[in-house]
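One structure below.
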Amino acid sequence: VRNPWSRTLSGYQNLVRHIEENRNDLMKDHISEVLKLHGKPPTFNEWVSLLPLITANVGPDWTMSTPQTEWILPKVDYVIKLENLEKDFQKIQELFKNEKPLGVLNKSKLTLDYRAVYSDDSKKIVAKLFESDIDMWHYTF
């Protein structure tokens with residue numbers, strides 16, 4: 001799982017990259033809906049304000065505003081936090097008696113601290129949308 005505020009910023013950066021590259025994949029319906037609602041590519045905080053209105057799936061059964069608790073629980077026995085990836089993955093290695101390193105796929109190019117880009121309103125919107133994630137995994141802004 002991932003901190004909801006960090007995850008949301010990463011989702012926005014993914015959206016921007018898909019728009020710039022004119023990619024035709026799982027994000028295409030989300031992008032169409034965003035552009036229909038906003039008329040042009042939105043800023044980060046504008047996009048966050050649109051999230052509660054967007055219904056397009058970006059995964060098999062989830063949207064950009066679906067809490068991780070809904071698509072992870074109760075389907076797993078152990079949850080790894082992205083923020084503790086190395087340490088948490090060691091537990092998986094111990095459990096399976098396997099020292100194979102964790103590979104890296106889809107690494108974010110996120111270099112700025114997510115806390116630097118949020119307005120007060122967008123912080124609250126993300127907190128409301130992902131309240132179950134915040135409560136379950138004790139995330140804070």
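The values are calculated or read from the model by the stated rules, or taken from the named source; none is laboratory data. Not measured: the values here are computed from a predicted model. All Cβ positions, even for glycine, are placed from backbone atoms using ideal geometry, and neighbour counts span all protein chains on display. Ligands, DNA and RNA are excluded from the accessible area calculation, which covers all protein heavy atoms including side chains. Shrake-Rupley method; radii C 1.70, N 1.55, O 1.52, S 1.80 Å.
Using a Gaussian network model of the chain in which every pair of alpha carbons under 10 angstrom is joined by a spring, one finds that among Phe130, Phe44, Phe89 the greatest mean-square fluctuation is at Phe89. Of all aspartates and glutamates in the structure, the ones whose alpha carbon falls short of 13 Å from that of Lys123, not counting any fewer than 8 places away in one chain, are Glu46, Glu131.
Where does the chain land at 222 nm, in deg cm²/dmol rounded to the nearest 500, when only DSSP H runs of n ≥ 4 count, each adding -39500 (n - 2.57), divided by all residues? Intermediate values should be presented prior to the final figure.
Values: 7 runs with 69 residues, N = 141.
That comes out to -14500 deg cm²/dmol.
Per-residue SASA remark: His138, around 150 Å² accessible (1.4 Å probe; ligands, DNA and RNA not included). Cβ-Cβ distance of Asp121 and Glu86, R₀ of 41 Å, FRET efficiency by 1/(1 + (r/R0)^6): the value works out to about 0.75.
Scalar couplings 3J(HN,Hα) for segment 41-46, obtained by applying the Karplus form with A = 6.51, B = -1.76, C = 1.60 to θ = phi - 60°, are x, x, 5, 4, 5, 5 Hz; x denotes Gly and Pro. On a per residue basis, segment 29-98 carries 65 Å² of accessible surface, using protein heavy atoms and a 1.4 Å probe.
For segment 17-68, the list of trypsin sites (Lys or Arg not before Pro) that fall in a loop by DSSP and count at most 16 other C-beta atoms within 10 angstrom reads Arg23. Per residue, the convex hull around the alpha carbon atoms of segment 89-134 comes to 132 Å³. Applying both filters, DSSP loop and at most 13 other Cβ atoms within 10 Å, to the GluC sites (Glu not before Pro) of segment 33-141 gives Glu99. Summarised as an ellipsoid, segment 49-141 has semi-axes of 28, 17, 14 Å, derived from the eigenvalues of the Cα gyration tensor scaled by 5 and square-rooted, with the largest first. Built from the Cα atoms of segment 1-113, the convex hull projects on average onto 8.2 nm², one quarter of its surface area.
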